[in-house]
Structure formats: C-alpha cells, structure tokens
Amino acid sequence: MSGNTKATLLTEGKKLRLPNHVAIIVDGNGRWAERHGLPRFEGHLAGLKSVRSTIRCLNQYPIKYVTLYGFSTENWNRPQDEVAGLLRLLEEAVDKEAQELHKQGVKIRHLGRLEGLPQGLEQAINRAIELTKNNTGMTLSLAINYGGRTEILDAVRSIIAECVPPQSIDEKLFNNYLYTAGLPDVDLIIRTGGELRISNFLIWQATYSEYYFTDVLWPDFDEKEIKKALLSYSQRQRRFGGV
Ligand code: IPE
Ligand code: IPE
Ligand code: MG
C-alpha cells in the first residue's frame, strides 16, 4: 500500500498524530490457553494469528517501524518442551510469513543474538532478511533471543574490540552499536496481558517512549485494540524534559 493511500487515524474528523515506531510486548498466550482449557502451545498458535493480523493492520497506517518481542533471553528459563515448541513455531512462521510480507514491501530485521538459536531458525531469519532487504515499506523488527541488557553488553564488547577512543563515545555512536542501529527511538510500547513491566525490552531505546498497557491477552488483541492504543498515544503530551 502506498503512503498516500494509507489510512490515517481519525476522530471527529480530526487527523491524529501517529507514532513513527511502535514496539509490542506480546504477552498472555499461556493464560489465554489456560482460560480455554488448552495446552500452552495452543496459546502460542493463537498468538501467531494475532501477530499476522496486527502487522497487517499497522501496515495500513503510515507507521514506518514496528518491532515485536517474540522471545526474550529470559524465556530460556521456561520448560524445555515449551521453548522447543515456541522456537519451532517461530521458525515456521518466519519462513512462511516472509513471502507475504515481502509482497507487502515490508523489510524484516532481527534484534537479538542469533547465536544460541536453533540453526533452522537462524537460517529462516537470515533468509527473511535477505529476501526483504531492498524493500522500502514498513520495517518490521523481530526481537528473538533479545535482551536489553545483553544488547548493551554486546555493544560495549564491540566498542572495546574495535578500540574506539573513549572520548568519541557518545549516544549517537553507541546507538550504532546496538541491535537497533539505524532504527529511530521507540515512540509507543504496547504490552498486552496485564503485566505492568518492561521485561528487559529496549531498555536503552525506550527512554522517552510512551507506554500503553492493556489487560487484553495477546491472542485477543485485534484491530479495535490497536486503534485504542493509537488513540491513547495521540492524546499524550510528550515533553522530552522540556516544558
Ligand atoms: C507471550 O505469552 C509469548 C512469549 C513470551 C513468547 P506468554 O507465553 O508469556 O503467556 P503468559 O504470560 O504465560 O500468559
Ligand atoms: C516478555 O514476556 C517476553 C516476550 C514477550 C517475548 P514474558 O511473559 O516472558 O515476561 P515476564 O516473564 O512475565 O516478565
Ligand atoms: Mg508472559
């Protein structure tokens, strides 16, 4: 969809300010499954449908950057079979969805450590990045095996390994060593599932983000909920320390 045909969020005929970069902490798959008397894996399957519909919906707006938190460095602490199931699902999804996203002009990026992931998932991510690298539409960043603290440590390691002179280290330079190099700061962070925490997500980049927390479980997150989040964002006054 081209920029000028993209939907704008309207209320009482007024055009609203939209975020340039939206990041989502997708949470509540397990509890959704529990409520439906299903195994947790079914919750992750249902969550995948929400991922698909959310990307499609956000892509209808002139929102340039979308980032999804799919697997944290702490998620390795889950039972082995859940971790294996989740990573397998991510591999299948990345492979399958990449084709469709490519058609929509979406550019795919990965945030996190590729080392440590199953080889198949690592390859699927690399294939998706390669396939979509020249696309100029929305940039979709997938945070998989992502941790905010690990990201900062990895940046520090690279800076030291490259013998960067200490006096040249400023925020701009540091940004370029993060997984998110080249991405703008996050304007809006949405977290579903009712928890009021950030769970090691984009801790450097979220310094001045707006937050939107909802009790809605991720598999139930739909277009109506997205609109609520965007509307809430559009009504915030961002001061960045000014007046
Ligand atoms: C989010 O749902 C999916 C991931 C963290 C990968 P959860 O699996 O955390 O669901 P709850 O929080 O247990 O309900
Ligand atoms: C955050 O969800 C991580 C992802 C969405 C990938 P969790 O369910 O792992 O978060 P905590 O453990 O409740 O903080
Ligand atoms: Mg959770």
- Message: Show me the three semi-axes of the equivalent ellipsoid for segment 40-92, from the C-alpha gyration tensor (sqrt of 5 times each eigenvalue), largest first, rounded to whole Å.
- Response: 25, 13, 8
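Kindly point out which whole DSSP H helices in the chain project their C-alpha atoms 30 angstrom or further along the helix axis while averaging a Kyte-Doolittle hydropathy of -1.0 or above.
Details: long enough: 80-103 (35 Å, -0.61).
Those that clear 30 Å and a mean of -1.0 are 80-103.
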- Query: If you average the sequence gap of Cα pairs under 8 Å that are 6 or more apart and divide by the length of the chain, what percent do you get for the contact order?
  - Reply: 28
- Residues whose built amide H sits under 5 Å from the amide H of residue 213, excluding neighbours closer than 5 in sequence, are 191
- Considering only the other residues whose Cβ falls under 10 Å of the Cβ of residue 9, what net charge follows from Lys and Arg at +1 and Asp and Glu at -1? +4
- For 154, 81, 187, ascending order of other Cβ atoms within 10 Å (fewest first) is 81, 154, 187
- Item | Proxy reagent accessibility, fewest Cβ within 10 Å first, across 204, 76 | 76, 204
- With θ set to phi - 60° and the Karplus curve 6.51 cos²θ - 1.76 cosθ + 1.60, what are the ³J(HN,Hα) couplings of segment 192-197 in order, to the nearest whole Hz, using x for Gly and Pro? 8, x, x, 7, 9, 8
- Stretched out fully, how many nm does the piece from residue 199 to residue 176 gain, at 0.36 nm a residue minus the Cα gap? 6.0 nm
- Query: Using the count of nearby Cβ atoms within 10 Å as a rough guide to exposure, how do 188, 87 rank from fewest to most?
  - Reply: 87, 188
- Taking the Cβ of residue 21 as the center, what net charge do the other residues with Cβ under 15 Å away carry, scoring Lys and Arg +1 and Asp and Glu -1? +3
- Message: With the cut-off at 18 Å, tell me which of the pairs 14/228; 15/227; 103/224; 49/133; 103/227; 64/133 have Cα atoms farther apart than that.
- Response: 103/224; 49/133; 103/227
- residue 141 long-range amide H proximity, modeled H, under 5 Å: 66, 67, 68, 109
- Task: Find me the longest stretch of the chain that has none of the exposed GluC sites (Glu not before Pro), where exposed means in a DSSP loop (not H, G, I, E or B) with at most 13 other Cβ atoms within 10 Å.
- Result: 13-73
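For residue 215 and residue 53 in the same chain, what is the full-extension length gain: residue separation times 0.36 nm, less their Cα-Cα distance, in nm? All intermediate terms of the calculation are to be shown ahead of the outcome.
Working: separation 162, 0.36 × 162 = 58.32 nm, distance 1.87 nm.
Gain on stretching residue 215 to residue 53: 56.5 nm.
All of the numbers you see were taken from the coordinates with simple rules; none came from a lab. If you're wondering where the values come from, they're calculated on a predicted model, not measured in any experiment. Positions of Cβ are generated from backbone atoms using ideal geometry, with glycine treated the same way; all protein chains shown enter the neighbour counts.
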